[in-house]
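One structure is given here, and the rest of the page talks about it.
The values are calculated or read from the model by the stated rules, or taken from the named source; none is laboratory data. All values reported here derive from a predicted model rather than from experimental measurement. Cβ coordinates were reconstructed from backbone atoms using ideal geometry, including for glycine residues, and neighbour counts include every protein chain displayed.
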Amino acid sequence: MARRPLPRILSSGSAQLARSREMARTAADGATDVLHPLITITRGLRVLAAAGRQKWAGTPKERRGPALFLVAACGLVVALIPYGPLLALISVMAAAAWKGRDRTPARTGPDEAETERLRSLYEALVPYFSVPEDPSPLFSHGGEWEGAFDEYAFDGDGRLTRLRMKYPPYFTDGEPAARTRIEQLLHAKSGRGREYLFDWDEEGNQLVMTVLAALPTAIAAQRFVTVPGETVLGFTDDDAVQRTVPVLAGDETHDAPPVVWRTGPRSTEPHLLVAGQPGSGATTLLRSLALQALQHGDVLIVEGSGTGEFAFLSGRRGVLAVESSLSGALSSLEWAAHETERRLISANRARQSGHPTPDDVKCPLWIFVDRPGVFAQLAAAGGRPDPQEHLQIPLRHGRAAGVTVVVAEQLDGLEALGEAVRSHTRARVVLGPVTAARVEAVLGAPPHTTPTPEVPPGRGYARLGTGPVLRLQVPATPDPYDDATSEGHRRAVLELLPEALTSPAAERVPERVAAEG
Ligand SMILES: Nc1ncnc2c1ncn2[C@@H]1O[C@H](COP(=O)(O)OP(=O)(O)OP(=O)(O)O)[C@@H](O)[C@H]1O
């Protein structure tokens, strides 16, 4: 249908109307600019007058007379001194201008960009949180996001840092897959590269999403306040564990929440598996654990990478061997298996004859195996037994014999691990940039947070038995003889070393360290 033109009188009239409206707006803007100081002073005078009235109302009746007299006296003095009234007027105007100045109004809600972000997040959630049968859906296209998001916070860049949302009771929040879908969507829409914590309140049909600050990396190797049988794997979030220990970070001491692993006869997860991406800090964690273990026990170290990253421990009190060859690994692990049996028999005999457990059985023995997959390959190539076979007895019976096994392997080499290692290492750590699926594959449960693609070395997740998955930062414990190690870290590690037992070990100490020490 052809459009009929507007009557001339109406079209030209509306143009005139628009022009006059524009002129009126410009005039109003100009007047506001010119009158701005006057408006400010008037507003200030009103504020001052209101304050005066309030003061007067608050003055007890018997003191009003003297107060009035004082004001009148002041007025008289001002009137009598030269330029007094003028000065008084200027002072009052200045005070009024100050009181009446524009103040930035306190923010009461999200700004435009933030509102847009919340709205688009709401719209993205509609397909997941609505069903056609719901007569009054909380989530609907073009609906009110304010009804669903009742708490939110943004950072300086306008990115969400916290969001509390309601969801309909029929949403299947008990299904991990349904939750994961929501978490992935919120993660993607709120900005990748940050770690989010999702807290589902199934009873209240509420979900709180919080951006977690990165765990601090300033804690280096040191003596941690623990009792025998406790080992600090690293540090986690404040609210993830019940306990804190004092730690030195940089030059300051503060309380930090540790992930404490309990070993020994009463432990429910007596052996540990550390898995990580190359260079993620698995060897560093083993060094940290070995230094802690040496406080109360003996350690045997078998390193498959052959890079000599445990050589600094050779010849120290409590260090039984540091082996990096296949033959050395085979013989030392075979000895460890016999030693576990000997301890078991000895402890049994003592129990049967009513004697206390002998001291040599009570002294914890730690077996550290870094990259056993390398030995497995070498052994297969040379037609020799895999050293991991000797780990079966320590893994199966170590708990009762005071023997703890710690195995570290790269994520890609996990299939090279023997069945005994997989089934008896109930304490688990995964390090490096890993996906939630990878964390679940290693720890048996996914993290409650969204792993980030970039992490510093020593960052990962830990899980003890069937406990919760905890974020973890391993204390920096570098090889003190590595040239890249900073002076502070070198000293920190050397301070934890037990005394040297043999002169060759002392000779291995580089000159610069010997000179400092
Ligand atoms: N917790 C940590 N704090 C600070 N730096 C660390 C930490 N863990 C590891 N690093 C640094 O990261 C680098 C790699 O560490 P490390 O050798 O322990 O990793 P890895 O996983 O054993 O590596 P690879 O698989 O190559 O043997 C080293 O330079 C080390 O000093």
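Of all residues in the range 426-445, those that are away from the ligand (no atom under 16 Å from the Cβ) and surrounded by fewer than 21 Cβ atoms within 10 Å (Cβ to Cβ) total 8. When the test is whether a residue is at pLDDT below 95 and farther than 30 Å from Leu391 by Cβ, Ala220 does not pass it. The residue that is nearest to the ligand (Cβ to nearest atom), counting only those in the range 476-501 that are exposed (fewer than 13 other Cβ atoms within 10 Å of the Cβ) and among the small types (Gly, Ala, Ser), is Ala484. Restricted to helices (runs of 4 or more DSSP H) entirely inside the range 1-114, those with at least 2 residues that are over 30 Å from Glu151 (Cβ atoms) and modelled with pLDDT under 65 are 8-58. Scanning the range 268-306 for residues that are of a type outside the set (Ser, Thr, Tyr) and part of a helix (DSSP H, G or I) returns Ala282, Leu285, Leu286, Arg287, Leu289, Ala290, Leu291, Gln292, Ala293.
Scanning the range 243-300 for residues that are under 18 Å from the mean Cα position of the chain (by Cα) and either farther than 29 Å from Leu330 by Cα or away from the ligand (no atom under 14 Å from the Cβ) (or both) returns Arg243, Thr244, Val245, Val247, Ala249, His254, Asp255, Ala256, Pro257, Pro258, Val259, Val260. When the test is whether a residue is surrounded by fewer than 14 Cβ atoms within 10 Å (Cβ to Cβ), modelled with pLDDT of 95 or more and not in a loop (DSSP other than H, G, I, E, B), Asp255 passes it. Would you check if Leu197 is under 19 Å from the mean Cα position of the chain (by Cα), at pLDDT 90 or above and either within 15 Å of Ala124 (Cα to Cα) or not basic (Lys, Arg) (or both)? Yes. Quick one: count up the residues across the range 309-325 that are free of Cβ contacts under 8 Å to residues at least 24 places away in the same chain and either assigned to a loop (DSSP other than H, G, I, E, B) or within 16 Å of the ligand (Cβ to nearest atom) (or both). Number satisfying all stated conditions: 3.
Under the condition of being more than 16 Å from the ligand (Cβ to nearest atom), surrounded by fewer than 17 Cβ atoms within 10 Å (Cβ to Cβ) and part of a helix (DSSP H, G or I), the residues counted in the range 329-381 number 18.
Residue-wise test of (1) assigned by TED's automatic domain parsing to the domain that holds Arg459; (2) farther than 30 Å from Glu454 by Cα; (3) small (Gly, Ala, Ser).
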position: Leu125; (1), (2), (3): no, no, no
position: Tyr128; (1), (2), (3): no, no, no
position: Pro132; (1), (2), (3): no, yes, no
position: Gly156; (1), (2), (3): no, no, yes
position: Ala177; (1), (2), (3): no, no, yes
position: Ile182; (1), (2), (3): no, no, no
position: Lys189; (1), (2), (3): no, no, no
position: Asp199; (1), (2), (3): no, no, no
position: Gly204; (1), (2), (3): no, yes, yes
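Sub-6 Å Cβ pairs linking a first residue in the range 463-478 that is outside the structural domain of Leu496 (by TED's automatic domain parsing) to a second residue that is of a type in the set (Lys, Arg) and near the ligand (Cβ under 10 Å from one of its atoms), at least 6 apart or interchain, number zero. Please tell me if Glu323 is among the charged types (D, E, K, R), out of contact with any Phe, Trp or Tyr (no Cβ under 8 Å at 6 or more places or on another chain) and surrounded by fewer than 16 Cβ atoms within 10 Å (Cβ to Cβ). Spelling it out, it is not the case that Glu323 is among the charged types (D, E, K, R), out of contact with any Phe, Trp or Tyr (no Cβ under 8 Å at 6 or more places or on another chain) and surrounded by fewer than 16 Cβ atoms within 10 Å (Cβ to Cβ).
Note on the range 107-151: residues that are of a type in the set (Lys, Arg) and either closer than 14 Å to Ser190 by Cβ or surrounded by 16 or more Cβ atoms within 10 Å (Cβ to Cβ) (or both) amount to 2. Filtering the range 404-423 for residues that are polar (S, T, N, Q), away from the ligand (no atom under 11 Å from the Cβ) and within 25 Å of the chain's Cα centre (by Cα) leaves an empty set. Here is the figure for the range 234-252: residues that are over 19 Å from Pro478 (Cα atoms), at pLDDT 95 or above and in a strand (DSSP E or B) total 2.
Pairing each residue of the range 354-376 that is closer than 17 Å to Val407 by Cβ with any residue that is part of a helix (DSSP H, G or I) and of a type outside the set (A, V, I, L, M), provided the two are 6+ apart or on different chains, yields C-beta distances under 7 Å for Leu365/Glu339; Ile367/Pro394; Asp370/Thr283; Pro372/Pro387; Pro372/Gln388; Gly373/Gly413; Phe375/Pro387; Ala376/Gln388.
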